Amino acid sequence: MYTNPTVINKVKRPNFAARHKWSMLLISIRLVSMSQYDFRDLFTLQGKTALITGATGILGQHFCHAFAQYGAHVIAVDLDSKKLSTLAESLKKYDIKVGCFPCDVSDREAVRAMVNEAKKLTGFIDILHNNAATKTNDLNGYFQSNSKYSGETWRQVMEVNIDGMFYVAQAVGDVMIENNRGGSIIQTSSIYGIMAPDQRIYKGSRFLDREINGPAVYTASKHAVIGLSKHLATVWAEHKIRVNSLVIGGVESGQNEEFQNRYSDRIPMKRMAHVEDVVGGLIYLSSEASQYTTGHTLVIDGGLSAW
Ligand SMILES: NC(=O)c1ccc[n+]([C@@H]2O[C@H](COP(=O)([O-])OP(=O)(O)OC[C@H]3O[C@@H](n4cnc5c(N)ncnc54)[C@H](O)[C@@H]3O)[C@@H](O)[C@H]2O)c1
């Protein structure tokens, strides 16, 4: 416990014996309060409600389980209601409330309506994990070369990856301000939110049954996520709402061996990421453990950006 010396100076000083008693009392209060403090409680999400977008994706479903395992009620948001139902079924084993909300995050009005319904699950939203991103329904268009990249594909990606992220933050931010109990917003960026892809590693690389690259729109949208997080962090700090970006390096998820080898060669830790590498950072940013952290970019990349 830190006591401001200027406050002590305002108090009339007692005689030596009394002063000695006071300092012994202060020391014992300090020892008792320190020994009673359990720092592990800092990481609990017990009693909190977390809304996550992109909840049924490769990473999103694991993130939902992580929230539930740390005790948070889960509001899962994604496009496909069938996938949401399957996810909800898998979350039944935890002693938490689960709400599923099919919603296109790029539709501002739909997002407002969804958040207004979703907050009724527990009355609060304490954590927002803004995690949805799209490759659109046209993978040929998404992985197209720069010179042939269509404005339509560019806009579709931006509408989800950054416009949609803002719409959800806007609506949930209002709920958090209204609830007046602070909150934590975590926005998923990417290693390509802080650096450009090394296109050399994409030669001979296949994923989703096709050749892939790192499109400019992904790099641009994920850089924008970090700017948005920093901006919201500064304006919402007065409401005790923290906003941080989670930068994730490439996660091993069915890419061909050629890609995995080339990617891993670029990483100081010599491997792609696994979901369990990322969850620790997510829980840290969601919980009171990061209560003095805002506007931060947490990089989980096996050292890729450190070269
Ligand atoms: N997997 C990786 O290697 C990796 C690496 C760095 C960052 N990321 C980021 O992590 C996040 C999750 O990635 P993932 O691998 O689980 O991706 P994913 O494609 O498996 O999941 C994204 C989810 O977002 C949903 N979504 C897309 N458009 C939507 C819309 N308009 N409204 C609502 N939901 C929509 C999709 O349905 C999908 O379930 C993304 O933001 C991604 O950019 C992933």
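A short reminder: the numbers here are calculations on the coordinates, not readings from a lab. Not measured: the values here are computed from a predicted model. Here the Cβ positions follow ideal geometry from the backbone for every residue, glycine too, while neighbour counts run over all protein chains shown.
Okay, here's what the table says:
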{"read-out": "Ordering of 124-133, 205-214 by packing [mean C-beta count within 10 Å, highest first]", "value": "124-133, 205-214"}
{"read-out": "Angle between the chain longest axis and helix 108-118 axis [Cα atoms, degrees, rounded to 10]", "value": "50 degrees"}
{"read-out": "Relative contact order (percent, whole number), the chain, Cα cutoff 8 Å, 6+ residue spacing", "value": "16 percent"}
{"read-out": "Helix-only [θ]222 nm of the chain, DSSP H runs n ≥ 4, -39500 (n - 2.57) each, per residue, nearest 500", "value": "-12500 deg cm²/dmol"}
{"read-out": "Residue list for region 252-290, given a label point 7 angstrom along the Cα-to-Cβ vector of Phe207 and an amide N cut-off under 13 Å", "value": "252-264, 272-274"}
{"read-out": "Folded to 0 to 90 degrees: helix 216-236 orientation relative to the chain principal axis, Cα", "value": "20 degrees"}
{"read-out": "Computed log₁₀ I(q)/I(0) - Debye formula, equal Cα scatterers, no solvent, the chain, q 0.10, 0.16 Å⁻¹", "value": "-0.61, -1.33"}
{"read-out": "Dimensionless Rg/Rh of region 116-208 - Kirkwood Rh, Rg from C-alpha atoms", "value": "1.10"}
{"read-out": "Helix 165-179 axis, angle to the chain major axis (alpha carbon atoms, nearest 10°)", "value": "30 degrees"}
{"read-out": "Where labels lie 7 Å past Cα in the beta-carbon direction, separation of Arg155 and Lys93 in nm", "value": "4.5 nm"}
{"read-out": "Virtual spin-label span in nm between Lys270 and Leu42, 7 Å along Cα→Cβ", "value": "3.3 nm"}
{"read-out": "Lysines with Cα under 20 Å of Lys230, excluding same-chain neighbours fewer than 8 positions away", "value": "Lys222, Lys240"}
{"read-out": "Length released on extending from Glu258 to Gln291, taking residue separation times 0.36 nm less the Cα-Cα span", "value": "7.7 nm"}
{"read-out": "Antiparallel bridge percentage (DSSP; both residues within the chain; nearest 5)", "value": "5 percent"}
{"read-out": "Ordering of 62-74, 270-282 by burial proxy (mean other Cβ atoms within 10 Å per residue, highest first)", "value": "62-74, 270-282"}
